[in-house]
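Trainee: Take a look at this one; I'll ask things after.
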Amino acid sequence: MSETAARRQEITVRQLTQNAEFVEAVKIQKTIWGFEDIDLLPVRLFVVASKVGGHVFGAYDGDKMVAFCLAIPGLKAGRKYYLHSHMLGVLDGYRDLGLGRRLKLAQRDEAMTRDIDLIEWTFDPLELKNAFFNIERLGAVIRRFVFNQYGTTSSSLHAGLPTDRCIPEWYINSSRVRNLLAGQPEPRPEIVARIDVPSNIGDLKRSDPARAREIQKSVSEQFDCYLSQGLAVVAFDRGETTGSYLFAPWENK
């Protein structure tokens, strides 16, 4: 067994219900994102989420919490209940161990016990690793986009840029998701549009924020254009110099 596999096996995932556990999740937030106190999700939100139809999961290396995720309940028109997965974070040093996927699958399993079939969240379209994970590893699709969802935050990871966000829709019991998680992804539909994002965008955020903002503005405007035409992001390609969002008509099955 490889060292990575051994480390992965040692980490456990469980649902969190106790205030002391929620305190640890708040501390992890601050470590990962470097938020000032005003931007932290407080313990009270974790308590409420766990009691009103949401849930909180944590990943542990022994007694040490190394990752967590938090979801809150949502209600759409037509009395359609879903979960909004508001935050997921993994400590540096524990990334690339599959913890994000394990936490998402724990969310899926718990939601399915309550006949909930949709989980949504938001992510920065400039974060290409997250895009690949959400679309190609989980099978989420994207049909909505929001400009500056959270305003400017205190996190250095956001580099002072507007918080433009994609909203993945994860239909957790759809054939697309079931087949993908079983290792049998469905054939791609015919792609009719694409958005290319340079792979070095993370470096540009630090070295040339003005250029990063230009790229962000262009990417956001293209998302707004294609999604307003009724298209959806159904696939994501990773190349040496770009990450590409691929658009096609889409219908949930």
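The values are calculated or read from the model by the stated rules, or taken from the named source; none is laboratory data. This is a predicted model, so every value here is computed, not measured. Heads up, the Cβs are rebuilt from the backbone with ideal geometry, glycines too, and the neighbour counts pull from every protein chain shown.
Trainee: Quick one: in the range 15-27, which of the residues that are assigned to a helix (DSSP H, G or I) and touching a Phe, Trp or Tyr at 6+ places or on another chain (Cβ under 6 Å) is surrounded by the most Cβ atoms within 10 Å (Cβ to Cβ)?
Mentor: Among those residues, the one meeting the criterion is F22.
Trainee: Looking only at the range 100-122, filter to residues that are buried (at least 19 other Cβ atoms within 10 Å of the Cβ) and touching a Lys or Arg at 6+ places or on another chain (Cβ under 8 Å); which one of those is farthest from E240 (Cα to Cα)?
Mentor: Top of the filtered list is L118.
Trainee: Taking the condition of being small (G, A, S), within 20 Å of Q216 (Cα to Cα) and surrounded by fewer than 19 Cβ atoms within 10 Å (Cβ to Cβ), how many residues in the range 236-253 meet it?
Mentor: Residues that pass the stated criteria total 2.
Trainee: Suppose we filter L99, L138, L128, L118 for residues that are of a type outside the set (S, T, N, Q), more than 21 Å from V233 (Cα to Cα) and touching a strand residue (DSSP E or B) at 6+ places or on another chain (Cβ under 9 Å); which single one remains?
Mentor: L99
Trainee: To continue, here is another question. Taking the residues in the range 1-38 that are out of contact with any Lys or Arg (no Cβ under 9 Å at 6 or more places or on another chain) and among the basic types (K, R) as candidates, determine which candidate is modelled with the lowest pLDDT.
Mentor: Checking each candidate, the answer is R7.
Trainee: Let me ask you something else. Can you tell me which residues in the range 176-215 are under 20 Å from F133 (Cβ atoms) and polar (S, T, N, Q)?
Mentor: Within the range 176-215, N179, Q184, S199, N200 meet the criteria.
Trainee: For the range 127-150, enumerate the residues that are within 11 Å of the chain's Cα centre (by Cα) and either outside any helix (DSSP H, G or I) or among the polar types (S, T, N, Q) (or both).
Mentor: Passing the criteria: E127, N130, N134, L138, A140.
Trainee: If you take the residues of the range 234-252 that are part of a loop (DSSP other than H, G, I, E, B) and touching a residue at least 24 places away in the same chain (Cβ under 8 Å), which of them is farthest from N179 (Cα to Cα)?
Mentor: T241
Trainee: For L128, state whether it is surrounded by 18 or more Cβ atoms within 10 Å (Cβ to Cβ), in contact with a Gly (Cβ under 6 Å, 6 or more places away or on another chain) and on the phi < 0 side of the Ramachandran plot.
Mentor: In short, yes.
Trainee: Among the residues of the range 30-57, how many are in a helix (DSSP H, G or I) and in contact with a strand residue (DSSP E or B) (Cβ under 6 Å, 6 or more places away or on another chain)?
Mentor: Total satisfying the criteria: 4.
Trainee: Output the residues belonging to the range 202-228 that are more than 14 Å from D124 (Cβ to Cβ), in contact (Cβ under 8 Å) with a residue 24 or more places away in the chain and not basic (K, R).
Mentor: Within the range 202-228, P209, Q222, D224, Y226, L227 meet the criteria.
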